[in-house]
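One structure below.
The values are calculated or read from the model by the stated rules, or taken from the named source; none is laboratory data. Note that the structure is a prediction, hence the values are computed from the model and not measured. A quick note on method: Cβ atoms are made from the backbone with ideal geometry, for glycine too, and the neighbour counts reach across all protein chains shown. With ligands, DNA and RNA removed, areas are computed over all heavy atoms of the protein, side chains included. Shrake-Rupley method; radii C 1.70, N 1.55, O 1.52, S 1.80 Å.
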Amino acid sequence: EAGVAQSPRYKIIEKRQSVAFWCNPISGHATLYWYQQILGQGPKLLIQFQNNGVVDDSQLPKDRFSAERLKGVDSTLKIQPAKLEDSAVYLCASSGGSGTYEQYFGPGTRLTVT
Amino acid sequence: DQQVKQNSPSLSVQEGRISILNCDYTNSMFDYFLWYKKYPAEGPTFLISISSIKDKNEDGRFTVFLNKSAKHLSLHIVPSQPGDSAVYFCAARASNSGYALNFGKGTSLLVTP
């Protein structure tokens with residue numbers, strides 16, 4: 001079974017530029033999550049999708065971050081414009097059927113904003 | 001507000017000995033707890049979990065203990081192996097927040113030969 005795929009793996013941009021990250025979850029997983037992990041911290045949830053609907057985006061900085069999950073499969077997370085404090089690893093995770101709380105993570109995208 | 005706390009940033013253990021990683025939480029609505037293992041440049045990998053209705057769950061060399069009254073859980077690795085060297089994250093799910101997980105800051109485990 002293929003795992004969660006993310007691209008790109010690394011990205012370096014200047015502040016005020018925009019960037020987009022892509023995630024393809026495990027086949028059949030209805031729930032998809034985007035996390036932000038700042039160096040030395042644990043992952044922090046940004047947004048959670050159930051199929052193509054948003055379940056929780058309470059911690060997403062909506063003035064600069066946006067995410068979508070068209071057709072309930074792939075997802076894209078965008079930052080526009082980026083700030084220095086957005087430098088982090090962006091992790092995508094997915095989880096499967098009812099009663100399953102384990103989330104399966106992709107390798108992450110390391111973003112450096114200069 | 002850190003609801004899941006891992007107060008030991010690092011731990012060093014000799015190969016063959018027991019590794020004990022600790023985690024404390026503050027939210028009484030947490031009802032499911034998970035441990036993840038993370039190698040550098042990789043995403044976290046699910047290791048073991050426990051429901052709040054249990055006090056112990058075992059899977060091979062890994063055992064998780066839950067003390068609800070103390071709001072404390074621990075991960076025991078016996079015997080520890082050099083390949084266990086990684087960052088371990090404790091995570092918890094609240095019964096009133098869907099499937100979102102709250103993570104601790106992690107403990108870096110080094111198992112020396």
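Normalised by the residues of region A:53-100, what does the relative contact order come to in percent, with Cα pairs under 8 Å and at least six apart?
Numbers: 23 pairs, mean separation 11.8, N = 48.
With pairs under 8 Å counted, the relative contact order is 25 percent.
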Legend entry - Relative contact order [Cα under 8 Å, 6+ residues apart], chain B, whole percent: 37
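For an R0 of 22 angstrom, estimate the FRET efficiency from the Cβ-Cβ distance between B:S95 and B:N67 and round to the nearest 0.05.
Numbers: r = 18 Å, r/R0 = 0.84.
After rounding, the FRET efficiency stands at 0.75.
Dipole magnitude of region A:1-102 about its Cα centre, charges +1 at Lys/Arg Cβ and -1 at Asp/Glu Cβ only, in debye to the nearest 20? Don't skip to the answer; put the middle values down first.
On the way: 11 positive and 10 negative charges, 72 e Å.
Here the size comes out at about 340 debye.
Can you pull out the buried accessible area for chains B and A, both sides counted, probe 1.4 Å, rounded to the nearest 100 Å²?
On the way: alone 6180 and 6440 Å², together 10970 Å².
Separately minus together, B and A give about 1700 Å² buried.
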Legend entry - Largest-first ordering by accessible area, 1.4 Å probe, given options A:K44, B:K54: B:K54, A:K44
Legend entry - Inter-site label distance for B:I20 and A:V55 at 7 Å from Cα along Cβ, in nm: 3.5
Legend entry - Net charge, A:N52 excluded, C-beta distance under 9 Å - Lys, Arg +1, Asp, Glu -1: +1
Inset, instruction - Could you tell me which of A:L60, A:Y33, A:L77 has its Cα farthest along the dipole of region A:5-96 towards the positive end, charges placed at Cβ (Lys, Arg +1; Asp, Glu -1), taken about the Cα centre? - result: A:L77
Legend entry - In order through region B:18-35: 3J(HN,Hα) via Karplus (6.51 cos²θ - 1.76 cosθ + 1.60), integer Hz, x for Gly, Pro: 8, 9, 10, 10, 10, 8, 10, 9, 10, 8, 6, 8, 5, 10, 8, 10, 9, 10
Inset, instruction - Report, in debye and to the nearest 20, how large the dipole of the protein assembly as shown comes out about its Cα centre when Lys and Arg carry +1 and Asp and Glu carry -1 on their Cβ. - result: 380
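Share of chain B's accessible area from carbon and sulfur, percent, 1.4 Å? Write out the running numbers ahead of the final one.
Values: 2600 of 5360 Å².
The C+S portion of the solvent-accessible surface of chain B is 48 percent.
Within chain A, what's the longest run with no GluC sites (Glu not before Pro) in a DSSP loop and at most 13 other beta-carbon atoms within 10 Å? Give the range, please.
For GluC sites (Glu not before Pro) (loop position, at most 13 other Cβ atoms within 10 Å), the longest site-free span of chain A is A:15-114.
Given just the C-alpha atoms of region A:5-96, how large is their convex hull per residue in cubic angstrom? Kindly include the intermediate steps, with their values, before the conclusion.
Working: hull volume 8.3 nm³, N = 92.
Convex hull volume per residue, Cα atoms: 90 Å³.
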Inset, instruction - Scan around B:I48 for amide H atoms under 5 Å from its own, H built in the peptide plane at 1.01 Å from N, and keep only partners 5 or more places away or cross-chain. - result: B:W35
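Under a 1.4 Å probe, what is the accessible area of chain B per residue, stated in Å²?
47
Given the pairs A:K83/B:K105; A:K11/A:K62; A:K11/B:K71, which span a C-alpha to C-alpha distance of over 28 angstrom in this model? Don't jump to the answer; show the numbers that get you there.
On the way: A:K83/B:K105 23 Å; A:K11/A:K62 21 Å; A:K11/B:K71 39 Å.
Listed pairs above 28 Å: A:K11/B:K71.
Counting only other residues whose beta carbon sits under 9 Å from that of A:L111, what net charge do I get with K and R as +1, D and E as -1? Don't skip to the end; give the middle numbers.
Numbers: positive: A:K11, A:R110; negative: A:D86.
So the surrounding residues net to +1.
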Inset, instruction - Whole number please: convex hull volume per residue, Cα atoms of region A:72-114, in Å³. - result: 93
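Order A:L84, A:L91 by their accessible area, 1.4 angstrom probe, all chains in place, largest first. List each step's numbers first, then the result.
Values: A:L84 90, A:L91 0 Å².
Largest to smallest exposure gives the sequence A:L84, A:L91.
Using a 10 Å cut-off around each Cβ of peptide B:45-56, what is the average number of partner chain Cβ atoms that fall inside? Walk me through the numbers on the way to the answer.
Values: counts 3, 7, 1, 1, 2, 0, 1, 0, 0, 0, 0, 0.
Mean shielding by partner chains, rounded to a whole number: 1.
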Inset, instruction - For B:K54 and B:S8, compute 0.36 nm times the residue count separating them, minus their Cα-Cα distance, and round to one decimal in nm. - result: 14.1 nm
Inset, instruction - Pop out the Kirkwood hydrodynamic radius of chain B from its pairwise C-alpha distances, inverse of mean 1/r, in Å to one decimal. - result: 14.1
Legend entry - A:D56 long-range amide H proximity, modeled H, under 5 Å: A:Q48
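Heavy atoms only, 1.4 Å probe, whole protein assembly: order A:S27, B:S97 by accessible area, highest first.
Numbers: A:S27 110, B:S97 45 Å².
Output order, biggest surface exposure first: A:S27, B:S97.
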